[in-house]
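Just so it is clear, none of the values below were taken in a lab; they were calculated from the coordinates. What you see is a predicted model, and the numbers here were worked out from it, not measured in a lab. For neighbour counting, all protein chains shown are included, and Cβ atoms are generated from backbone atoms with ideal geometry for every residue, glycine included.
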Amino acid sequence: MTRRPVGRADLALGAAWVITSIVLWWSRLRFWYPHDDGTLAQGAMRVLEGQLPHRDFVYPYTGADALLHAAMFGLAHPALDVIRSGFALIVMAWLLWLGLWLRARVGAADAALAVLAIGALGPACYPAAMPSWYVVMLVTTGVVMLVPASGRQPTPGALLQAGTCLGIGLAFKVSAVYAIVGVGCWLVLAGREVARPSRVWSVGLVAAAALAALALLMPAMTSRRAIHLLLPPLAAAVVVLVVEVRGWRRHGATLRLTGAAPLGWLAAGICLGIAPVLLWLAAGGALIPFLASVGGVGELRAAFAGMSPPTLPALVLACPVVALWWSLSGPRPPHPVLVAMAAGLVFLLAWGDYEWHRRSWQAVRGAIPLGAVVLVPVLARRGADVTRPWVPVALVLGWMVLSQFPFSAPVYFLYLAPLVIVGLLLITPPTSAGRGSQRVLLTALTAFGFLQVIPSPLSTLGWSRAPAGQLRRLDGVRGGVLVPLQEAEQYEELLTLLADSVPAGPIWSGPDAPEIAFLAGRQELNPAFFGFLQPGGAEGALGDATARALVLRRAPPFSPAPSAEEIRAWQRRMPRSREIGDLTVLWGE
């Protein structure tokens, strides 16, 4: 057996992975949202101490991340930089696997560009080990395993492996269920045999999923959410329903579970993936509280932690993006030089003008709902080839946009970027005349991410390019991340106060301040990392005699701020106080 010689394209793929890994490692400690890093670290620390999420503390995720990060703490030591570094290594390994898979599928040169683009618009932009990053990596892995080769249906083994990836994604965050629905839609669509009766079960399942998406958004429905978040999944559902109903009219319908075997293999894999975490929760009595919290947490997030998608004019800005994207697979794609000139002009405008930078983001974000509208007639027409490689990616992406609800911040769009880039790569056949223009487009996305997004502070993400400002390493054995100088000084003053003036013992911190007790090396008495997840939870701090101090965030990012009456009640018990930034520290004599 002879090995294929290593060519220049293979070397380019290796270089792309090395460059991406270097950038990711360099950026892994830069910037933070204190409540995000605090939630991850506090959850891992409590698991390491023997607590269980959903039983002993209110946790916004399923729990696999807390288990994984607790293992990192066990191997090293409890610190924010340990989680960041461990996560960066996981991303590097995943990018290597994805690059090798794409190399076998589209060639090493295009795989190299995809790795660079995902590296530029992926975790390096926000290197916190958020469960959403794990979900998109697992979903992308599962979906590409199902990408059909030469029009063949996925094998039971591929379905089982893909389902396992999706199940593990569920173990990190329930938003992975949207990807499961998208994969289910594609399996129904790909398994449709026009000459046979339509399947009532598939129509019912897809219709139920569409109604569930509508019910999810309806209480907080706005025109922006209807366009950006509801339209794509409904478009994916409509494609399947139109194809099935067309067969219903021509060949009748059947109640038999015809063609359900692929879904069975997928479901088996999902069960395998999520079972370890569910068994872990069940063994400690945390499974029922977790299941009971799924709907409630979503409602509370919609009420207190919501952000709307871009304005409707973003759809107008997205028209050239969708036209360019779709033309790449056509018989007359635009010349690479024209694409390079247009992309270069937009890059320069976005570099010097924050309005153009913001419009560039809006154009890309608006391309998903606009593209969904375009794909309905393309995939629903009679004789459409639904086995093309990009179809499963498009259907999953159509459903995954719901993961941006209710907090449609720009970073939540980045959680979809790997799927968008893989779809962009697969939409153009390797021998297509549009491959050159596609490479230019991927190069432009890479340059935009590396030069304008990653170096800028998180506060400007999606809005403008800006200098990072002076960063300082957060001191202490549990810190290690690089934060703006003013924040570093504030937290160092706080930690010094707690160490020098407050007796050893647990503290109560909140609302929305899970990082404080972790950084201070103290036990946290507040069971809710975010105040809105447990309304009235602060009242319990008054009756807890073990609390040595209370650290109150006067302007929490999501939850209601403590009232003046609450602060006065706490001060009667703990008369000593100091204000540090937006924090008020109360402690006794």
Among bridges DSSP assigns within the chain, what percent are antiparallel (round to 5)? 55 percent
How would you order 239-248, 326-335, 398-407, 117-126 from highest to lowest mean count of nearby Cβ atoms within 10 Å? 117-126, 398-407, 239-248, 326-335
Across every pair of different alpha-carbon atoms, what Kirkwood hydrodynamic radius in Å does the range 275-352 reach? 17.7 Å
Got a sec to turn the phi values of the range 505-512 into Karplus ³J(HN,Hα) couplings, 6.51 cos²θ - 1.76 cosθ + 1.60 with θ = phi - 60°, whole Hz, x for Gly and Pro? x, x, 10, 10, 10, x, x, 6
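Is the range 314-375 rounded, prolate or oblate when judged by the Cα gyration tensor, a ≥ b ≥ c being the square roots of its eigenvalues, rounded requiring a/c under 1.5 and prolate requiring a/b larger than b/c? Spell out each step's value before the answer.
On the way: a/c = 3.90, a/b = 1.21, b/c = 3.23.
Oblate.
If we count other beta carbons within 10 Å of each Cβ, what is the order of Tyr412, Tyr33, fewest first? Walk me through the numbers before you get to the answer.
Details: Tyr412 21, Tyr33 16.
Ordered by Cβ neighbours within 10 Å, fewest first: Tyr33, Tyr412.
Roughly what percent of Cα-Cα pairs across the range 194-326 reach past 22 Å? Intermediate results must be reported in sequence, preceding the final value.
Details: 5401 of 8778 pairs.
The answer is 62 percent, as a whole percent.
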Rounded, prolate or oblate: which one fits the range 311-457, using the alpha carbon gyration tensor with axes a ≥ b ≥ c (rounded when a/c is under 1.5, else prolate when a/b beats b/c, else oblate)? oblate
Additional length obtainable on full extension of the chain from Ala561 to Asp475, 0.36 nm per residue less Cα span: 28.2 nm
Pairwise over distinct Cα atoms, reciprocal of the mean inverse distance: report the Kirkwood radius of the range 90-229 in Å, one decimal place. 17.2 Å
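Given all pairs of different Cα atoms, what value in angstroms does the Kirkwood hydrodynamic radius of the chain take? Intermediate results must be reported in sequence, preceding the final value.
Numbers: mean 1/r = 0.0395 Å⁻¹.
Its Kirkwood hydrodynamic radius stands at 25.3 Å.
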For Val411, Val139, what's the fewest-to-most ordering of other Cβ within 10 Å of each Cβ? Val411, Val139
With DSSP loop assignment and no more than 11 other C-beta atoms within 10 Å, the trypsin sites (Lys or Arg not before Pro) in the range 101-154 are Arg152
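Run through the range 346-443 and list the trypsin sites (Lys or Arg not before Pro) located in a DSSP loop whose Cβ has at most 14 other Cβ atoms within 10 Å. Don't skip to the end; give the middle numbers.
Working: sites: Arg358, Arg359, Arg365, Arg381, Arg382, Arg435, Arg439; in loops: Arg381, Arg382.
Answer by residue number: Arg381, Arg382.
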Which angle from 0 to 90°, rounded to the nearest 10, does the C-alpha axis of helix 108-120 make with the longest principal axis of the chain? 30 degrees
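If neighbour count is taken as other Cβ atoms inside 10 Å, put Ser563, Ser202, Ser408 in order from fewest to most. Each step should come with its number before you reach the end.
Details: Ser563 10, Ser202 25, Ser408 21.
Final ranking by Cβ density, sparse to dense: Ser563, Ser408, Ser202.
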Taking the DSSP beta bridges in the range 472-587 as the whole, what percent of them are antiparallel, to the nearest 5? 75 percent
Evaluate the Debye formula for the range 472-587 with equal point scatterers sitting on the alpha carbons, no solvent, and hand back log10 of I(q)/I(0) at q = 0.14 Å⁻¹, in q order, two decimals. -0.53
Convex hull projection area averaged over all views, the range 229-300, Cα basis, nm²: 7.8 nm²
Can you work out ³J(HN,Hα) from phi for every residue in the range 558-571, in order, using Karplus 6.51 cos²θ - 1.76 cosθ + 1.60 and θ = phi - 60°, giving whole Hz and x for Gly and Pro? 10, 7, x, 6, x, 7, 4, 5, 5, 5, 5, 5, 5, 5
